[in-house]
Structure formats: C-alpha cells, structure tokens
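The values are calculated or read from the model by the stated rules, or taken from the named source; none is laboratory data. Because the structure is a prediction, the values reported are computed rather than measured. With ideal geometry, Cβ positions are generated from the backbone for all residues, glycine too; neighbour counts draw on all protein chains shown. Please note that ligands, DNA and RNA were not included when accessible areas were found on the heavy atoms of the full protein model with its side chains. Shrake-Rupley method; radii C 1.70, N 1.55, O 1.52, S 1.80 Å.
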Amino acid sequence: MHLDVLHLRNFYYRSALGRAAQKVIRDELVRMWPEAKGQTVAGFGFAVPLLRPYLGGARRVIGLMPGPQGVMPWPAGQPNVSVLCEDTLWPLPTGFVDKLVVMHGLETTDHPTGVLNECHRVLGPGGRAIFIVPNRAGLWSRSDRTPFGFGRPYSPSQLESQLRAHDFDIGTVRATLYQPPSHNPVWRRMAGVLERAGHNIPMLAGGGVLIVEACKQSPAASGPGLRARSRASVLAPMPDAVPV
C-alpha cells in the first residue's frame, strides 16, 4: 500500500533524517546520471526529491504520483510538473521518456507487474530506469521510522529477476544509506563517516536501499525480409559517380 504524500513530504523536507537520506540517494543518482540535457526525465512514486538536478538541462521533467499516495505541487516556487496517475495507467505516450526514476513506487504498489509494464512502455528505445527500493539486508527496511520500512524489501537478486522478467537488461547495482535510520543527534553527526565507511567496506553492513539501473531491451530485427534486403544492398551495382 502506498504511503500518504504528506508523510513522505514531511520526512524528506521537514526532518533531519529525511533530508540526509534525500542527499545521500540524490548524490548517488547524480554520480550514475550526471546530466540529462535535452532529455525527458520522469519519476514515479515519490521520486521528486531526486529530480531537482535535472530541472535546468532536461527538455522536460515529470513527477508521476500514484493515486493512493496523493499528489503535491512540485517544485516549490516554479511551474508545477507533478501529475496524479494510476499505478498501471500513466498519462504518457509510449516511448516518451529517456530516463525514469522509481522510488517509493515499486515496493509499495499492489500491482508491481503493472507498474513494471508501464515503466517499460513509457521508455524509449535504449531508455534507462533507476529503481530505488528498500534493501532486505539493511537496517532501513526493519524500521517504520522511515518510508523505507514499508512495503516489500528486496535483495539484489530478487529485484534483478523481476526486472529481467519484464524485459529489462540490468546495468549498475549499488547500495547506499549506511547510516542508521535514527533521529538521534549523535548518529546524525556521524552520518558522513558511516556513509564513507559503508561505501569503502560494504560487507560490514548492508546499505539501507538498493539502487539498480536497468535498460529497456530492444529486440533485434530478424527474419527473411531483413536478410534479403541485406544481400540486395551488398550485391547491388554501384551507382554512377556524381560530381560534387
């Protein structure tokens, strides 16, 4: 079941723990996707805290928020790009999106197959998606103090299998949020040290979230018609030279 948009807004924008989580995940996303110049970027679930770096250079940025969650205007102080939608029916044309970010959209939906079908549909040829989900092995999925404590946590193999079953090729797989999901000021002061330690020695503790990049599969053209055209193009006589 999707979380309420007010709960998500209050966590990410009005709590120290939420702002820290937002920064850590967004920095990881920007390392993977430094820019999106001239591209269409969409987010599904509650991905808008991560999309701000692309507002300046992208052709279009769209925040898709599922109906059971609710919608809020975003970004603050600028024209609204948030859209309320159904989990399995997004108001976007097929092949419209170049980059897609899904956060608090897959693990909380009652229709994961429908969500992944929509992800695949709206991506253009070679389009890429990043799925951010609670890590089954991490601390954040075991605490209901944060939005990552709700819904279905995943292991890397579980998420990868689900994406492959929906015709995605798996790219980069990362974990982040090594700091504990605590509002305690002592842990807040140690957050940076813990993140660096977790990234350098990840086997010490599982990161709180998994970040998996996937690419839309484009089936290779095949069939006798293609082979016939290929042979014809190779064997056809060269045209007469044309002066330039």
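Here are the numbers:
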{"item": "Amide H partners (placed H, <5 Å) of GLY171, local residues excluded", "result": "GLU213, ALA214, CYS215"}
{"item": "For LEU100, residues with placed amide H under 5 Å, excluding near neighbours", "result": "ALA42, ARG128, ALA129, ILE130"}
{"item": "Simple Cβ-charge dipole of region 5-216, Lys/Arg +1 and Asp/Glu -1, about Cα centre, in debye nearest 20", "result": "720 debye"}
{"item": "Pairwise centroid distance, computed over Cα atoms, of region 104-151 with region 4-57, Å", "result": "14 Å"}
{"item": "For region 5-216, with +1 on Lys and Arg beta carbons and -1 on Asp and Glu, the positive-most of PRO75, PHE46, PHE168 along the dipole", "result": "PRO75"}
{"item": "Pairwise label distance in nanometres, ARG60 with ILE170, each label 7 Å out on the Cα-Cβ vector", "result": "3.2 nm"}
{"item": "Over region 93-139, relative contact order from alpha-carbon pairs under 8 Å, at least 6 apart, %", "result": "56 percent"}
{"item": "Average accessible surface area per residue within region 1-113, 1.4 Å rolling probe, Å²", "result": "42 Å²"}
{"item": "Local net charge near THR113, Cβ-Cβ under 15 Å (Lys/Arg +1, Asp/Glu -1)", "result": "-3"}
{"item": "Label-zone membership for region 147-165, site GLN217, 7 angstrom Cα→C-beta point, backbone N under 15 Å", "result": "160-165"}
